[in-house]
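Before any comments, here is the structure.
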Amino acid sequence: MEDQTSDRELAHRVVAHGDEAAFRALYRRHAPAVYRFLLRLVGGDATEAEDLMQETWLRAAHGLAGFHWGSAFRTWVTGIALNRFRELARRKGRRITEVEGEWEATVAVEDAAGRIDLERALELLPPGFRTVLVLHDVEGLTHEEIGARLGIAHGTSKSQLHRARRAMRKLLAVNLEMA
Amino acid sequence: MSDTSDGTREDGAMDDEVELTPEEKTAFARLPTEAVPPDLLEERIVRALRQDGTLRSGAGQAGKAGPWPAQEAPPRSGRLRAWMVPVSIAASLVLFGAGVALGHHMGTRTMAEAFLAVREQDAAGLALRIQEAGSAYVSALAALGELRGAATREQAGKGLAPSHAAHGIEQGRDAALGALYGAAFELARMAPGDADVLRILQILEERRTRELGGEPARNMVWF
């Protein structure tokens, strides 16, 4: 069964034989997690997330031969996705690695039942806050890992996270007041 | 990613004020970890990888070797041998001539043939083209919007009158509206019973009528 084949075996087939079925199996196994990750980073913009997905998987396919399996395949491809996101932010002039000042929440966040919608709150945060919050509180990266991946000091990541959490709470508080 | 996702961080204590509460930790843990990407995206990626030679459409079965396994590819010489030079030049001339002939042939094809070629494409291929074109359309519009914002800020900062750049941006906006109208018209033709599409088309037609000074907008034939 294809589903039982390891990522490494599938990757080997792609590299050695250009095996389309093996690539599709790898893609279908990991694309949903990578797509969710990218959707969160870009604040729910499906068009941007799809473009980033394409860039990510093309890079991954081209770089498979050089991947030494020092980490899980998903970790590796998620790292590529994060780099593509950083590149997009740089092209569009979005600041994701600098500490932003205090941010005022002015938008109500609620689902049909008037409850807190954390996903929506993440979408509404400024990119700099959202990025560090997603990487730390959703993906579970440490500040050292975030610093290394975003090219910032881990202290900067920490400060950014503090402000991001405050901003998130303000956003959710607006919701609670209005619910 | 790190394995330390249980809220216990390696980076030491943080301010209590910004530590996640148990409820917040639960809320984060409950966030969905996956989202299914559109099917067409997979096709788009696979097609791009086929085109650049990374994937071979014939190598569909897992474990089946493709025609040229990477490890067994014949070694290439980095230098041309003497006899290869005239042969290469001759081959280049033949290719050039063939290209000119092909270009001439393509240029003389009738529009009817071109339409026939488009129609012969399968629906999935056309859907893929629409997605790609739509993506490019939205990206270009986003870039135009950013350019507009930058130009406006610059003018406001310097107290300048609208520049050539602003004129170009307006042209881009008009082109975008025209394309939007064309797309709505085709959608309405494809699904005449779709009330939402008809409403969009009606709004765009009214706008075009206003901008054309009251002339009816349906004079244009869309292919």
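The values are calculated or read from the model by the stated rules, or taken from the named source; none is laboratory data. No experiment lies behind these values; they were computed from the predicted model shown. Don't worry about glycine lacking a Cβ; one is built from the backbone with ideal geometry, like all the others, and counts go over all protein chains shown. SASA here: full protein model, heavy atoms, side chains in, ligands and nucleic acids out. Shrake-Rupley method; radii C 1.70, N 1.55, O 1.52, S 1.80 Å.
Can you give the translational diffusion coefficient of region A:2-91 in µm²/s, computed by Stokes-Einstein from the Kirkwood radius over Cα pairs at 4 °C and 1.567 mPa s?
Approximately 97 µm²/s, per Stokes-Einstein.
Of the listed peptides B:194-201, A:144-151, what is their order by residue-averaged count of other C-beta atoms within 10 Å, with the highest listed first?
By packing density, highest mean first, the sequence is A:144-151, B:194-201.
Which residues of region A:26-40 bury at least 10 Å² of accessible area once all protein chains are present, versus their chain alone (1.4 Å probe)?
Correct list: A:Tyr27, A:Arg28, A:Pro32, A:Ala33, A:Tyr35, A:Arg36, A:Arg40.
May I ask for the accessible area buried between chains B and A, both sides summed, probe 1.4 Å, to the nearest 100 Å²?
Chains B and A together bury approximately 4900 Å².
May I ask you to give the percent of accessible area on region A:2-91 that is carbon plus sulfur, with a probe radius of 1.4 Å?
Accessible surface attributable to carbon and sulfur in region A:2-91 totals 45 percent.
Per residue, what accessible area does region A:118-178 have, given a 1.4 Å probe and all protein chains present, in Å²?
32 Å²
Considering protein heavy atoms only and a 1.4 Å probe radius, which residues within region A:5-23 exhibit an accessible-area decrease of no less than 40 Å² in the full assembly relative to the chain by itself?
Residues of region A:5-23 that lose at least 40 Å² of accessible area once the other chains are added: A:Ala16, A:His17, A:Gly18, A:Asp19, A:Glu20, A:Phe23.
For A:His68, A:His162, A:His154, what's the largest-to-smallest order of accessible area, 1.4 Å probe?
Result, largest first: A:His68, A:His154, A:His162.
Taking just the alpha carbons, could you work out the radius of gyration and Dmax for region A:118-178, both in angstroms?
11.9, 40
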